[in-house]
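Any read-out appearing in this document is the output of simple, stated calculations on the displayed coordinates, not a laboratory observation. Computed from a predicted model, the values in this text were never measured in an experiment. Cβ atoms come from the backbone with ideal geometry, glycine included; neighbour counts cover every protein chain shown.
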């Protein structure tokens, strides 16, 4: 597993991490504790050192499982979590300094640590980013030693650029894949100049870029690929990268002739992301240990040819860009 520097002043982390939304068990179908531990173990056995979670994933379950699992391992693992979307009682709001401190303490307890490696704003409303108070609260938590660094997970490039104006920002988490290439032209150079780490989520567009889906593929009722296809509960961009499912299947099928000999679609899609040095870490999820192992193995593959990169860029502009929905 190759490693990359996490921003200007951060540690080195594995260039392939593990996204832990799945093990929360609420939005990707049922995932048992045993399955979650197998996925985590398979990742660490492949030298993955970066785990991405959030307090809201399974309303704390993902953090709890990670905390319990890491007590059984000796590796030095970087755990990134998120704040700002946890369900709260009626009459309360997530966007106050008191609530930020409350939710940070809860994450510390669930993960079983004294200080969080990274806390990210979790796709919070743009108006909150503009006001800027949330960043002041994060700076206070860092000063108090509750968190080591802070960043933001965002939906759009406008939000990403807004966050880049904040002093002390360590990272931005963005949607970036063959179907979502806007960050290339808008964000990468600016983030690199600022020394801000880029964490890439949805690298396989909720599985579309695995090339294994058909128009009649179905998902469990408690899978966001069933209940959020058109953005019914949260930003449509988080599901199939904002592309209508049937169109996404069609587009993925069009990519198959471009595969390097002997490669899978998922390998090409992940390698394409890693070929950009502005990316610090990519965080594919996994519902099985075998998936986690295959994802980690992409670090050992050679870069894609320049000609293939050019063709994939043209494919996005010609076939994909007009079909993306949601903030971008």
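List of remarks:
- Degrees separating the helix 97-111 axis from the principal Cα axis of the chain, which is the longest one: 70
- Label point distance in nm, residue 193-residue 130, each placed 7 Å from Cα along Cα→Cβ: 2.4
- Between 308, 70, 172, the residue with the greatest mean-square fluctuation in the GNM of the chain (Cα pairs under 10 Å linked by springs) is 308.
- Counting neighbouring Cβ atoms within 10 Å and putting the fewest first, the residues 156, 96, 171 line up as 96, 156, 171.
- The modelled label-to-label distance between residue 158 and residue 290, using points 7 Å beyond Cα along the C-beta direction, is 4.4 nm.
- DSSP bridge orientation in the chain - percent antiparallel, rounded to nearest 5: 15
- Computed E for residue 212/residue 33 - FRET, C-beta separation, R0 22 angstrom, nearest 0.05: 0.25
- Each residue in 88, 134 was given a count of other beta-carbon atoms within 10 angstrom of its own, and listing them fewest first yields 88, 134.
- Ascending count of other beta-carbon atoms within 10 Å, so fewest first, for 103, 309: 309, 103
- Shown is the FRET efficiency for residue 259 and residue 109, computed with R0 = 51 Å from the Cβ-Cβ distance and rounded to the nearest 0.05: 0.65.
- Estimated [θ] at 222 nm from DSSP helical runs (n ≥ 4, -39500 (n - 2.57)) normalised by residues in the chain, nearest 500: -10500 deg cm²/dmol
- Value of relative contact order over region 3-323, rounded to a whole percent, pairs C-alpha under 8 Å and six or more apart: 22
- In terms of the mean number of neighbouring beta-carbon atoms within 10 Å, the peptides 111-118, 284-291, 60-67 order highest first as 60-67, 284-291, 111-118.
- Prolate/oblate/rounded label for the chain (Cα gyration tensor, a/c 1.5): rounded
- Remark: the residue 227-residue 8 segment gains 74.9 nm on full extension, using 0.36 nm per residue and subtracting the alpha carbon distance.
- Selected from 217, 53, 104 as most flexible by GNM, with the chain as the system and alpha-carbon contacts under 10 Å: 217
- Cα-projected label distance for residue 301 with residue 148, points at 7 Å along beta-carbon direction, nm: 3.0
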